[in-house]
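> Quick one: the structure is below, and I'll ask about it shortly.
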Amino acid sequence: MTRNLSRRALMALGVAGAGSVLLAACSSSGSSGSSSSSGQSAAKPTAASASSGAAQPTAAPTATPRASLSAQGKGNVDLFWQVSQSDAWMKASVSTMPAFFTNAPSVGNVTLQPTPGDWENKLVASMVAGTAPDVFDMWGDIMPPFVERGQVEDVQSYVNRDYKAADLADFYDWQWHDFVMPWLNNIRFGMPRYVNIMFTWYRKDLFDAAGVKYPTTDWTHDDYASAAIKLTKKDSSGRVTQYGLGYPVWSWDRYWYKPTIWGGHTVDPQDNTKAAFDSEQSLAAFEWSRKLMWDDKAMINPLTIQNESFLLHFPTGILAMAEDGIYPFEMDDAIQGKFEWAYQHTPKGPTGQRKVLGTTDGTAMWKGSKHKDEAWELQKWVAGPEYQLAIVKATGRVPVRHSVLNQWADIAAQTRPNLKNANLKVAIEAMQMGYPGAREFYKDNNAAQEIIVPALQKVFVSGGTPVSYFKQVAQQVTQAEKNGAR
Amino acid sequence: MSTTQKVEAPAARRGRHLSQRQVEGLLGLLFVSPYIVHFVVLQAGTILYSLFLSFFESDMLTTMKFIGLDNYRYLFENEPLFLQTLKVTAIYTFVAVPVATILSMSIAVLLNQNLRYQGIFRTLYYMPAVVSGVAVALVWMWVLQPDYGLSAVIFNALGMQSPRWFWSEQWALPGLIMISLWGTGTNMLLYLAGLQAIPTQLLEAARIDGANAIRVFLNITLPMLTPTIFFNVILNIIGSFQVFVPAYIITQGGPNNATLTMVLLVYQKAFQNFHFGYASSIAWVLFIVILFFSLLVFHSSDRWVYYEGGVRR
């Protein structure tokens, strides 16, 4: 006997199907079904994207814009500062303002506006319209187009005027130098705001369970790969349930430093219009990642975590190690003491060299600002010890001055007892070793990015393409750089 | 004097008397005036400026150099992504539009039946159309997550492996096309209105003549629905060629440019590479492409669109 499906049943089935799609999507929270972290740590969820700009967890797009904050002084100059950080950071910033107003009595009001979604584009639009903020948060990677187009004030003259040798020595050499791009007329495009450095995060519980020794300062990439393979677990169907390592090789701001420690380059040091990632050394570095990701299945593919921040997924158990920035308080919020974990320096490369992205997160002054002196005072304040200390206490982020860094680890561990065993001293050691730093820049970085990002996706995200493909890509980049691509 | 004035006044009023047609015309203009004002004040100027800009090398900040047709020449002769974006956008349009048309019409036909809870079904089917594009994109990213999304559950239940969807060059575009079907509620509503405007006497006459349901649908319903189909197809073609949000939110054009649409290319060239003049030229080429296909559909409409009481040429 057959039963015909009534029209009403068909309609209901359709509605139920759509409803279940929504419910299933809303209930998905990760591979292990664990709850995700709170706070501002989710990266913008973008499948197959390799163009993440910031080397920091950025806020996911939200429907409700965050509120601006303001601080009142007694002067008559109003400053507008576009801030790209969390609410906690903004509140801490405001709390320091009374002291700032003492240093800058002419300032009457500082408005801190959190960066809106698509803020880089809106910044361009506001510059065109003549309404850009006096001071805006930024990092070096995004600055060349603004500097080339004369939109950023060169603060070197202010530095020469206001800083003594002892002040300059308080900044980290590498970061201080990375705020100048020699091929852009040696303009000092900003002042440091905080520093982020890539380290390896590892879960001690998963290392113990797999019987793998904890990483050490002198470990190598062979040790790294070997540990990642041992830490990888699969279920009976062969599906990976725990990846040994997460390293965002598909990301524009992270792919470049492995070729460096293999002895190669991404840009020819003698000619910034020439791609250099087709050398044997660079290809070997790419192959290290490709093999670990696709052959050994020990390095996570962005699809598994929907390209979200490792911070969101590290606590779920899908990752035993992750190579990412240093966000102590955010990690403590996410992990909540549920397991032991720690930071370690990323391993040296086959050449014995160590290199990772160390960011130039800072503030820049818009050239069109009508209150440049006051804007400079604000930038100087942000890079100053008092402000840095307040930020350390509020966010745990690594400060930009040696004098504050000396207290940073203690303050962080006192504020968050769970961080006592997190090996925070790696950040202090990294500054002493001086290995973090900025990428190698092409003459037209955006033109190169437009070609390289799809190639990274082809090899690492989609898979099935050998790293020799980068030889062809390097030629395309060089051609675009030399011919002046649009 | 005063008497003369009293006589002349009504005559003057009679002179300004508007015909019914003129009143309707004025009312029509009144009703569309908000849009006309919006268009003239906020859109027309920028549209013309973008045309102007397309003949310049401009970053909108420092450079403004007249280069004639060079942007267009570069686009056709040197732009490595132009053909790819044209291909992606065309595939998206020519698959999404017919499928959306058939799907939304089918749902409308079903919802036009005399069902219990009809109002609830109509509301539920329309509801996805009111969800913002960004929210829809985020939801579908999880639905189509190939390891543990709903897609994986369904494929696993069938003993198959889920496609990698947005992480695969082959499946990313089909994934985006599938998402586009989520918003068929708007089309469905228009089809429903079209179905309800079909005179019942036509349907009854056909049934009395012995036509079965399929015959009634093919010979009465479908022809009478063609003005609505025409309207929807035109709007969908225009909208599909301009697809941006899902590609921007979900894939940013990847992997390996497999979902790089023309509008996304415009966006990248303008806001990421600071080539606003060049981006404007791409936008105008897209406008020509859309215009071409829209005119093609308009031109063909004489052959397949039936208006009640209309005379076939």
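> What residue, among those in region A:298-310 that are within 12 Å of chain B (Cβ to nearest Cβ) and outside any helix (DSSP H, G or I), is farthest from A:Y257 (Cα to Cα)?
This residue is A:Q306.
> Is there a residue in region B:200-211 that is among the small types (G, A, S) and within 14 Å of chain A (Cβ to nearest Cβ)?
There is no residue in region B:200-211 that is among the small types (G, A, S) and within 14 Å of chain A (Cβ to nearest Cβ).
> Would you be able to tell me the number of residues in region A:444-469 that are away from chain B (no Cβ under 13 Å) and touching a Phe, Trp or Tyr at 6+ places or on another chain (Cβ under 7 Å)?
Residues meeting the conditions: 1.
> Can I ask one more? Within region A:81-97, can one find any residue that is within 11 Å of A:E374 (Cβ to Cβ), aliphatic (A, V, I, L, M), modelled with pLDDT of 90 or more and in the same structural domain as A:P144 (by TED's automatic domain parsing)?
There is no residue in region A:81-97 that is within 11 Å of A:E374 (Cβ to Cβ), aliphatic (A, V, I, L, M), modelled with pLDDT of 90 or more and in the same structural domain as A:P144 (by TED's automatic domain parsing).
> Of the conditions (1) modelled with pLDDT of 95 or more; (2) over 25 Å from A:D223 (Cβ atoms); (3) within 14 Å of another protein chain (Cβ to nearest Cβ), A:K274 satisfies every one except a single condition; which number is it?
Condition (3) is where A:K274 drops out.
> In region A:189-229, which residues are buried (at least 22 other Cβ atoms within 10 Å of the Cβ), polar (S, T, N, Q) and assigned to a strand (DSSP E or B)?
Listed by number, the list holds a single entry, A:T200.
> Right, something else. Inside region B:198-246, can you point out the residues that are exposed (fewer than 14 other Cβ atoms within 10 Å of the Cβ) and of a type in the set (V, I, T)?
Passing the criteria: B:T200, B:I208, B:I214.
> Restricting attention to region B:116-141, which residues are buried (at least 18 other Cβ atoms within 10 Å of the Cβ), in contact with a Pro (Cβ under 9 Å, 6 or more places away or on another chain) and either within 19 Å of B:Q196 (Cβ to Cβ) or more than 8 Å from chain A (Cβ to nearest Cβ) (or both)?
B:V136, B:A137
> Looking only at region A:177-198, count every residue that is in contact with a Pro (Cβ under 7 Å, 6 or more places away or on another chain) and over 17 Å from A:P144 (Cβ atoms) and tell me the total.
Adding up the residues that qualify gives 2.
> In region B:236-260, which residue that is more than 14 Å from chain A (Cβ to nearest Cβ) and part of a loop (DSSP other than H, G, I, E, B) is farthest from B:A172 (Cα to Cα)?
So the residue we want is B:Q242.
> Among the polar types (S, T, N, Q), more than 9 Å from chain A (Cβ to nearest Cβ), over 18 Å from the mean Cα position of the chain (by Cα) and not in a helix (DSSP H, G or I), is that true of B:Q145?
Spelling it out, it is not the case that B:Q145 is among the polar types (S, T, N, Q), more than 9 Å from chain A (Cβ to nearest Cβ), over 18 Å from the mean Cα position of the chain (by Cα) and not in a helix (DSSP H, G or I).
> Same structure again: Pairs only if they're at least six apart or on different chains, beta carbon under 8 angstrom, first in region B:266-285 and more than 8 Å from chain A (Cβ to nearest Cβ), second of a type in the set (D, E); list them, first residue then second.
Once the first residue is more than 8 Å from chain A (Cβ to nearest Cβ) and sits in region B:266-285, its partners that are of a type in the set (D, E) give B:F276/B:D59; B:G277/B:E57.
> If you don't mind, another one. Every residue in region B:149-170 that is surrounded by fewer than 19 Cβ atoms within 10 Å (Cβ to Cβ) and in contact with a Phe, Trp or Tyr (Cβ under 8 Å, 6 or more places away or on another chain), please.
Hits for region B:149-170 are B:Q161, B:P163.
> Is it the case, given these coordinates, that A:V382 is assigned by TED's automatic domain parsing to the domain that holds A:T111 and hydrophobic (A, V, I, L, M, F, W, C)?
yes
> A further question on this structure: Taking the residues in region B:70-91 that are away from chain A (no Cβ under 14 Å) and surrounded by fewer than 19 Cβ atoms within 10 Å (Cβ to Cβ) as candidates, determine which candidate is nearest to A:V477 (Cα to Cα).
Filtering region B:70-91 for residues that are away from chain A (no Cβ under 14 Å) and surrounded by fewer than 19 Cβ atoms within 10 Å (Cβ to Cβ), the one nearest to A:V477 (Cα to Cα) comes out as B:L83.
> Let me ask something else. Give A:M293, A:M331 a once-over and let me know the one that is out of contact with any Pro (no Cβ under 8 Å at 6 or more places or on another chain) and within 14 Å of another protein chain (Cβ to nearest Cβ).
A:M293
> Same structure, new question: Scan B:F94, B:F155 and give me the residue that is modelled with pLDDT of 90 or more, away from chain A (no Cβ under 11 Å) and more than 30 Å from B:H275 (Cβ to Cβ).
B:F155
> Let me ask something else about it. Which of (1) under 30 Å from A:A375 (Cβ atoms); (2) assigned to a loop (DSSP other than H, G, I, E, B) is the odd one out, the single condition A:G263 does not satisfy?
So A:G263 meets the others, but not (1).
> Here is a further query. Here are the criteria: (1) farther than 30 Å from B:Q161 by Cα; (2) in a helix (DSSP H, G or I); (3) not aliphatic (A, V, I, L, M). Tell me which single one A:R254 does not satisfy.
Only one criterion is unmet by A:R254, namely (2).
> Residue by residue through region A:164-208, note down the ones that are among the small types (G, A, S) and in contact with a helix residue (DSSP H, G or I) (Cβ under 9 Å, 6 or more places away or on another chain).
Listed by number, the residues that qualify are A:A169, A:G190.
The values are calculated or read from the model by the stated rules, or taken from the named source; none is laboratory data. Since the model is a prediction, treat every value here as computed from it, not as a measurement. No Cβ is skipped: glycine too gets one built from the backbone with ideal geometry, and neighbour counts run over all protein chains shown.
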